[in-house]
Amino acid sequence: MKTMEEVLQDWEAVIGLEIHCELTKLQTKMFCGCKLEFGAEPNTHTCPVCLGMPGALPVPNKGAIENIVLAGLATNCDIEKHTMFYRKGYMYPDMAKNFQTTQGPKAFCMRGWLDLNVDGRGAQERLFWQDLAEGETAENITRTADGYVAHVGITRIHMEEDAGKMVHIGGGEGRITGATHSLVDYNRAGTPLMELVTEPDLRTPEEARLFMQKLRQIFLTLGISDCSMEEGSLRADGNISLRRRGTTEFGTKTEMKNINSFKALHDALAYEICRQAEVLEEGGQIYQETRHWDPSKKHTVVMRVKETADDYRMFPDPDLAPYDLSDEFIERVRGMLPELPDQKAARFAADYGLSAYDARHLVDHRFSADFFEAACAAAGDRAGELAKPLANLTLNDITAYVNANEGIDFATTPLTPERAVQLVSLLAADEISSKQAKEVFAAVLEEDKDPHAIVEERGMKQVSDTGAIEAVINEVLAANPDKVEQYKGGKTGLIGFFVGQCMKAMKGQGNPKLINEMLAKKLG
Amino acid sequence: MSELFEMGIREIQAGLAAKEFSAVEVAQAATDRIEANDFQDGGVNAFLEFTPEMAREAAARIDEQLAAGKTPSEIGPLAGIPMAYKDNMNLLGTRTTCASRMLENYESAYTATCVQRTLDAGAIPLGKLNMDEFAFGSSTETSAFGPTRNPWDLERVPGGSSGGSAAAVAAGFATVTLGSDTGGSIRQPGSFTGTVAVKPTYGVVSRYGIVAFGSSLDQVGPFARSVEDAALALNAISGHDALDCTSQPVDTDFTANLAEGVKGMRIGIVPAFMQAQGLTPEVKDKVAEAAEHMRTMGAELVEVDLPNAQAAMSAYYVLGPCEAFSNLSRFDSVRYGYCEPGHKDLGGQYEASRAKGFGPEARRRIMLGSYLLSAGVYDTYYYPAQQVRTLITQDYTRAYEKCDVILLPSSPRTAFKFGEISDPMSMYLSDMFTVSLNIAGNGGMSVPVGLGVDTNLPIGVQLQSPQFKDENMFRAAAALEQVYGKAPIAPAFARKAGE
């Protein structure tokens, strides 16, 4: 198979996402009073309504409507005031009524969009954006200083109820194939579920990943879901087709269902691009089918071929009156909107003088934005001067630490915002080297002590005394006359060797900047 | 003095208050009559499940409270009243079969709101009543457990689908019963059995716990032998229910204007209905006679038009099956209900179980609904049917600018014999005067006006009122009751002269 980079020279990938998000912050289910709780004993949070017993009727959860309107407003959607719930019929034991209550042609939220900042390595997946001048727009992207912004349309966000969970027994890995019987847990049945559908505006797996990540950040900020991809409260279906560069007609798409991590979303789409290209280039045909991404084998396999469109026999649910949202309600919900990640990034840039790049990557994650802000608050009057090093600390050391320690809540580690301020102050005042700063950072987390105390204990203060440095330099140069000759003969790269020797002699505590300067002068 | 089984609500409660008899005696009298007349070969077959123990326990609780010095009205508005429920209503401790093999052994998982409200009001539950399977029918002949016989003529049907509810009241088994009406299923059997039979405005009574047929059409209402008893029962079961978001906060006292008479009331007559094909002369004459009585009592007769009513039947047979198809899809044999064993795949089990569990009329409506909702067909039928619904609702709104109630037949004819109508289309026409009301969601009731001159069988006239003005029809019905008397117990089940 060709690599994706090779494929994308000739083919354009057209990607759309369907993202399901359970509204886990609500107390009760969508249409009954049963408690929402992940991981409870099977079938302990059920009642006649979510079990679809004869005669039971749904009553909508008003909190869920509030949540979805919040989500719509945060993603630039028009809020549809007059909507209806529909019944979507399909017979399967995970849906006790054998129909799912969902929304019809009009959803609560219609016609929204999000802008994605794509930069760094991820931007390289898209071609030709470098040909644009900064600020120039082509198709749905606009060139920025360090990448591009992709404008991604959101078709709709609608409200529906989740199904129960099936467990197949006797087959391999819980699969239905070969199973002797199946169990159903209806605790999840009736969980309020939002489905967001994007326009086919995404062109690279990286854009799809960023969209998902940005959406997750927004939903977390809104406080409407825990967005746990492991527990399935946030999951994505990826639709993808290829077309020859320069053509506009859509190819036949395949759908990858229930992808439960950002990496899996990226890798599944990347694999599918390569697979489809290979099929097409060999003269084959892509079938409209649902495929399953197997992260261990790193490939997709067919789950179900769609020969005909499913007929769900949708019609307005007669048990639920049409929904009319008042302007007052919508305005009240708008008033509940918290500061969203994009707004926060703009504020960070304006208030702390950060670059746009730093500001938006700080808000990539809740912990980094919150930590940065807490540290700036702890810095008090010095926030302006320390903001940049605090941003660096957060984006580099802290982010690396959090990535390496999965599931950690950074707000509870020994590195408090106050200690972060101490650490960057030591660095800013040249009292420790950046290398030493890394050691202090690790030690604070390890030993739960103040940076000052660690520096003191380890005697690791940086030596910036020019007399002391000069003495060491003289020793080093005297001990390596041949290297001095070579340097003078033009091998200036040897400066690194001399700096290293000096640092070694000073047990790593010399100020590297001064050593560099003084060496250059001496040898110069 | 009346026998216990003949008494109305007020009479029973007066007797309980005066300690002339106990609630246990009331319950015993009712259960004795049912045992003697309902189950044996050739009996009425109104009951699918008989609950004498439950009745005795409820009655004993009433007696305890009476002994403690409470009056019946303090105990509850239905204290000591023998009642029974159509078998599509969930009642904990009973099966809810909907007269279908599919649910033959289905134990209620909870109690329907309207049933619970009668129990909270002190009713004595006698059991669950026969019906057309899943309420699909107009004769109770589609019951999987045998038809109910009309107490007026045991060779004839009691109407349907609430045939058991109507027959139980006409035979004097229960003082009040509850039925449900999706296209006429309360009013038509009310007419066939000469009982007062009320289908309130959609939303007056909670549907929670009623096994749904057509969710936008179904409404629960009482059968009784007097207008006052029906009004008292409706008082007890009406009002908003947090478990049914289509129920409304109704706090009307339906007995409030029963004594007012019809003087000054405007009674709407729809000429087209009176000329309708299939309307028998004896029914037509009774409607005209009832109108004339009301005019004599001071009401004003006005002609009104419901121009789109002729489309109601077509719209009903689109909307009803569509909703029924969806509502009945939950009966899949997986967790409850009839399951045909021996199938290794889910699809095979679904098909075999549903084919055997549902009777022919249920299968017909499911297939019809499945077809009508399918892609490409939906726009041709379902959408126009909804438009017809809007037009009919507007017709009624316009008609009620000119009148307070509309008077029309409940059924085109009196009760027919078993097997007499076998063609489904002809059976559907039994509902020709009732379905437009369900389409619009308004209230309507059938009131007995004596026997037909040709068939010597009961005839009811239908009174309809505007949405949430159900008190209008009760007022007019009470006036007709003044003329025609309360609904009698069917002669074969009544006390003989001199007894």
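The values are calculated or read from the model by the stated rules, or taken from the named source; none is laboratory data. Predicted model, so just to flag it, every value in this text is computed and none were measured. Ideal geometry is used to build each Cβ from the backbone, glycine not excepted, and the neighbour counts take in all protein chains shown.
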Need a quick list: strands (runs of 3 or more DSSP E) entirely within the stretch A:128-189 having at least 3 residues that are more than 30 Å from residue A:31 (Cβ to Cβ). A:141-143, A:147-161
What are the residues in the stretch B:281-321 that are out of contact with any strand residue (DSSP E or B) (no Cβ under 9 Å at 6 or more places or on another chain) and not in a helix (DSSP H, G or I), if any? B:297, B:298, B:305, B:307, B:308
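Please work out which residue is surrounded by the most Cβ atoms within 10 Å (Cβ to Cβ), limiting yourself to the stretch B:129-156 and to residues that are of a type in the set (Val, Ile, Thr) and over 10 Å from residue B:44 (Cα atoms).
Out of the qualifying residues, it is B:140.
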Please go through the stretch B:321-332 and give me each residue that is within 10 Å of another protein chain (Cβ to nearest Cβ) and without any contact (Cβ under 8 Å) to a residue 60 or more places away in the chain, ordered by number. B:325, B:326, B:329, B:330, B:332
Wholly inside the stretch B:402-499, strands (runs of 3 or more DSSP E) that include 2 or more residues that are closer than 18 Å to residue B:226 by Cα and over 19 Å from the mean Cα position of the chain (by Cα) are B:443-451
Please find, within the stretch B:333-346, the residue that is farthest from the other protein chains (Cβ to nearest Cβ) out of those that are closer than 19 Å to residue B:98 by Cβ and over 26 Å from the mean Cα position of the chain (by Cα). B:340
Which residue pairs have Cβ atoms under 6 Å apart, sit 6 or more places apart or on different chains, and have a first residue in the stretch B:235-254 that is closer than 19 Å to residue B:212 by Cβ and within 11 Å of another protein chain (Cβ to nearest Cβ) and a second that is crowded, with 17+ Cβ neighbours inside 10 Å and aliphatic (A, V, I, L, M)? B:244/A:57; B:245/A:59
Condition broken by residue A:319, with the remaining ones in (1) assigned to a loop (DSSP other than H, G, I, E, B); (2) within 23 Å of residue A:222 (Cβ to Cβ); (3) of a type outside the set (Val, Ile, Thr) satisfied: (2)
Options B:466, B:448: the member that is on the phi < 0 side of the Ramachandran plot, touching a Gly at 6+ places or on another chain (Cβ under 9 Å), at pLDDT 95 or above and surrounded by fewer than 24 Cβ atoms within 10 Å (Cβ to Cβ): B:466
Criterion first (more than 14 Å from chain A (Cβ to nearest Cβ), in a loop (DSSP other than H, G, I, E, B) and within 30 Å of residue B:368 (Cα to Cα)) does residue B:276 satisfy it? yes
Just checking: which of the helices (runs of 4 or more DSSP H) contained wholly in the stretch A:359-448 hold 3 or more residues that are closer than 27 Å to residue A:503 by Cβ and touching an Asp or Glu at 6+ places or on another chain (Cβ under 9 Å)? A:417-428, A:434-447
Identify the residue in the stretch A:97-107 that is under 13 Å from residue A:30 (Cβ atoms) and touching a Phe, Trp or Tyr at 6+ places or on another chain (Cβ under 9 Å) and, among all such residues, is surrounded by the most Cβ atoms within 10 Å (Cβ to Cβ). A:103
Output yes when any residue across the stretch A:457-464 is in a helix (DSSP H, G or I) and buried (at least 17 other Cβ atoms within 10 Å of the Cβ), and no when none is. no
Test residue B:169 against the stated conditions and say whether it is of a type in the set (Val, Ile, Thr) and in a helix (DSSP H, G or I). yes
Would you check which residues across the stretch B:104-128 are crowded, with 24+ Cβ neighbours inside 10 Å and either hydrophobic (A, V, I, L, M, F, W, C) or touching a Cys at 6+ places or on another chain (Cβ under 7 Å) (or both) and list them? B:112, B:114, B:115, B:123, B:124, B:126
Exception for residue B:111 within (1) assigned to a loop (DSSP other than H, G, I, E, B); (2) within 27 Å of residue B:490 (Cβ to Cβ); (3) among the β-branched types (Val, Ile, Thr) falls at (2)
Report, by residue number, each residue of the stretch B:175-229 that is among the polar types (S, T, N, Q) and either free of Cβ contacts under 8 Å to residues at least 12 places away in the same chain or within 14 Å of another protein chain (Cβ to nearest Cβ) (or both). B:180, B:182, B:206, B:215, B:216, B:219
Could you look through the stretch A:343-352, keep only residues that are surrounded by 15 or more Cβ atoms within 10 Å (Cβ to Cβ) and of a type in the set (Gly, Ala, Ser), and pick out the one that is farthest from residue A:222 (Cα to Cα)? A:349
Selection from the stretch A:81-92 of residues more than 11 Å from chain B (Cβ to nearest Cβ) and surrounded by fewer than 20 Cβ atoms within 10 Å (Cβ to Cβ) yields A:81, A:82, A:84
Consider residue A:38 against the criteria (1) among the aromatic types (Phe, Trp, Tyr); (2) closer than 20 Å to residue A:258 by Cβ; (3) within 14 Å of chain B (Cβ to nearest Cβ): it satisfies all of them except one. Which criterion is unmet? (3)
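To keep it simple, each residue is scored yes or no on (1) closer than 29 Å to residue A:114 by Cβ; (2) outside the structural domain of residue A:67 (by TED's automatic domain parsing); (3) of a type outside the set (Val, Ile, Thr).
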residue	(1), (2), (3)
A:257	yes, yes, yes
A:261	yes, yes, yes
A:274	yes, yes, yes
A:278	no, yes, yes
A:305	no, yes, no
Qualifying residue in the stretch B:160-168 (condition: touching a residue at least 60 places away in the same chain (Cβ under 8 Å), surrounded by 24 or more Cβ atoms within 10 Å (Cβ to Cβ) and either touching a Phe, Trp or Tyr at 6+ places or on another chain (Cβ under 6 Å) or of a type in the set (D, E, K, R) (or both)): yes
Within the stretch B:347-377, the count of residues that are farther than 24 Å from residue B:137 by Cα, within 11 Å of chain A (Cβ to nearest Cβ) and assigned to a helix (DSSP H, G or I) comes to 3
